[in-house]
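Novice: A single structure is presented below for examination.
The values are calculated or read from the model by the stated rules, or taken from the named source; none is laboratory data. In this text, all values refer to a predicted model and were calculated from it rather than measured experimentally. Neighbour counts are summed over all protein chains in view; Cβ atoms, including those assigned to glycine, are modelled from backbone coordinates with ideal geometry.
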């Protein structure tokens, strides 16, 4: 059953967040107003960042990187970083422990890798520790993908705008900047019914 996560908070003035926090990962949807101040900070988690809308400058270990809609990147655990909101923006953060040894970087851009590109579907993926994120883009108004995992997994769905999907033939309407969770599934069919894209995190 698809369930909406309703936990939300005002982090500070100009910064609203919808969140799903567990002992091993965090999924954070950020709505941030232009010129909202942020102090530099670090944490032990790696951090995946995706920009839905607007622009911001990300400074990592003293180097400034401009971030625009569609950009995907990973910040290494313990790397000092801060944000300058150039405009109002919406973004996704996924914080996780890498579990690997490839920790000798501060930031990596364009981490989503193309896996399928045909007449109806563009599928891009990235491994985030023990999780996998997919970006599914419908090219012609509808795109179908069959999702298979080696074990029962939870799936998190996030859409940048109002999006209609079908899971095993059952229709759902997803609202923008909202977290949806599908628990304990090994395989299912996912139909993206309108043009645009959807982010799906396999946990």
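Novice: Regarding residue 98, is this residue outside any strand (DSSP E or B) and within 29 Å of residue 23 (Cβ to Cβ)?
Specialist: Judged against the criteria, residue 98 is a match.
Novice: Among the residues of the stretch 166-194, count how many are surrounded by 14 or more Cβ atoms within 10 Å (Cβ to Cβ) and touching a strand residue (DSSP E or B) at 6+ places or on another chain (Cβ under 7 Å).
Specialist: 17
Novice: For residues in the stretch 27-86 being crowded, with 18+ Cβ neighbours inside 10 Å, part of a strand (DSSP E or B) and without any contact (Cβ under 8 Å) to a residue 40 or more places away in the chain, which is nearest to the chain's Cα centre (by Cα)?
Specialist: 73
Per-residue answers, yes or no, for (1) more than 19 Å from residue 177 (Cβ to Cβ); (2) at pLDDT 95 or above:
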| position | (1), (2) |
| --- | --- |
| 89 | no, yes |
| 93 | no, yes |
| 96 | yes, yes |
| 113 | yes, yes |
| 117 | yes, yes |
| 130 | yes, no |
| 133 | no, yes |
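Novice: Let me ask something additional. Return the only residue of 97, 109 being touching a strand residue (DSSP E or B) at 6+ places or on another chain (Cβ under 8 Å), in contact (Cβ under 8 Å) with a residue 24 or more places away in the chain and either within 16 Å of residue 70 (Cβ to Cβ) or surrounded by 15 or more Cβ atoms within 10 Å (Cβ to Cβ) (or both).
Specialist: 109
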